[in-house]
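Below: the structure, in structure tokens.
The values are calculated or read from the model by the stated rules, or taken from the named source; none is laboratory data. Fair warning: this is a prediction, and the values are worked out from it, not measured in the lab. Backbone-built Cβ (ideal geometry, glycine too); neighbour counts: all protein chains shown. When the accessible area is computed, the model is the full protein with side chains, heavy atoms only, and any ligands, DNA or RNA have been set aside. Shrake-Rupley method; radii C 1.70, N 1.55, O 1.52, S 1.80 Å.
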Amino acid sequence: IEEEGNLMEKMPIAAQVYSVREEAGADFAGTMKQLKALGYDGVELAGLYGRTPDEIKGWLDEAGLTPIGAHVPFDELDKDLENTVRAYHSIGCSYVAIPSISEDRRYGGSRYEEFLAAIPVIAAECRKYGMKLLYHNHGFEFEKTADGKTPLDELYASQSPEDLETELDSCWIKVAGEDPLAYLEKYRMRCPLVHIKDFIQDGEVKLVAVGDGVQDIKAIAEKAQECGSQWLVVEQDSHIFGSPMENMKKSICCLRSMME
């Protein structure tokens, strides 16, 4: 048990920069230093805020943060695959995650098959640079298909693990009525990054700092590690209660205390 505890303490935690997007847009370098000071080990990017890859890399190096990966819209990859992947590789990213897809590219949409066919092509380009392609879920991927399956499972069944790995968002899995622990188990060794996100539901879903909501965060973190995840990624899309940086502080303090 002691060995498992020691391993949990070593599991790195990243911040999804989308959580502090306004701060990053105004002062990227300063925001990265603040995240490092809070105790984050790395970041997952969500755009470059009009900066060059070299500038972003320099500021992350200066802050001492690992650029674990980036959320990159499918349209950017589809429009200029080679240069887009090369840019994130030059920053030092190990993962490219498709954050969502338009309705016409979703299961049953007019461009769904086109989307599926593009994944191996994008994955092959990522592999040229030693990077892996991931897909990040929201809630719509859990609406049941005609045969009772979920579009998320259909997506992963259509692709080899070599081409597409998961970035499971624990919040939207739970909101959809599914079990985050069961999904981590289902995609064991195929979920290198896991989004840690908490919420309350009072007629509508309201995102809150980790530990302030309904999620069993400790169980999710432990299961993620057990299933081969490499990083926990704190993401809070909106901040109804408290400021973004206050919530990012509360979230990592909660995670660290649970790990200890």
Of all residues in region 181-203 being acidic (Asp, Glu) and in contact with an Asp or Glu (Cβ under 9 Å, 6 or more places away or on another chain), which is farthest from Leu134 (Cα to Cα)? Asp198
Enumeration of residues in region 219-258 that are surrounded by fewer than 19 Cβ atoms within 10 Å (Cβ to Cβ) and among the hydrophobic types (A, V, I, L, M, F, W, C): Ala219, Ile240, Phe241, Met245, Cys253, Met258
Go through region 161-191 and count every residue that is out of contact with any helix residue (DSSP H, G or I) (no Cβ under 8 Å at 6 or more places or on another chain) and of a type in the set (Gly, Ala, Ser). 1
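Which members of region 65-99 meet the condition of being among the hydroxyl-bearing types (Ser, Thr, Tyr) and either in a strand (DSSP E or B) or in contact with a strand residue (DSSP E or B) (Cβ under 7 Å, 6 or more places away or on another chain) (or both)?
Keep residues of region 65-99 that are among the hydroxyl-bearing types (Ser, Thr, Tyr), which gives 66, 84, 88, 90, 94-95.
Thr66, Tyr88, Ser94, Tyr95 - these are the residues of region 65-99 that are among the hydroxyl-bearing types (Ser, Thr, Tyr) and either in a strand (DSSP E or B) or in contact with a strand residue (DSSP E or B) (Cβ under 7 Å, 6 or more places away or on another chain) (or both).
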Considering only region 197-218, state which residues are touching a residue at least 24 places away in the same chain (Cβ under 8 Å), open to solvent by 30 Å² or more (accessible area, probe 1.4 Å) and not in a loop (DSSP other than H, G, I, E, B). Gln201, Val205, Lys206, Lys218
Mind telling me which of the residues Asp61, Asp104 ends up being without any contact (Cβ under 8 Å) to a residue 40 or more places away in the chain, in contact with a Lys or Arg (Cβ under 7 Å, 6 or more places away or on another chain) and surrounded by fewer than 18 Cβ atoms within 10 Å (Cβ to Cβ)? Asp104
Is there a residue being among the hydrophobic types (A, V, I, L, M, F, W, C) and outside any loop (DSSP other than H, G, I, E, B) anywhere in region 237-246? yes
Out of the residues in region 174-196 that are basic (Lys, Arg) and open to solvent by 60 Å² or more (accessible area, probe 1.4 Å), which is farthest from Leu45 (Cα to Cα)? Lys186
Of the residues in region 64-88, how many are more than 18 Å from the chain's Cα centre (by Cα) and crowded, with 18+ Cβ neighbours inside 10 Å? 2
Those residues of region 1-43 that are aliphatic (A, V, I, L, M), over 17 Å from the mean Cα position of the chain (by Cα) and modelled with pLDDT under 95 come to a total of 3
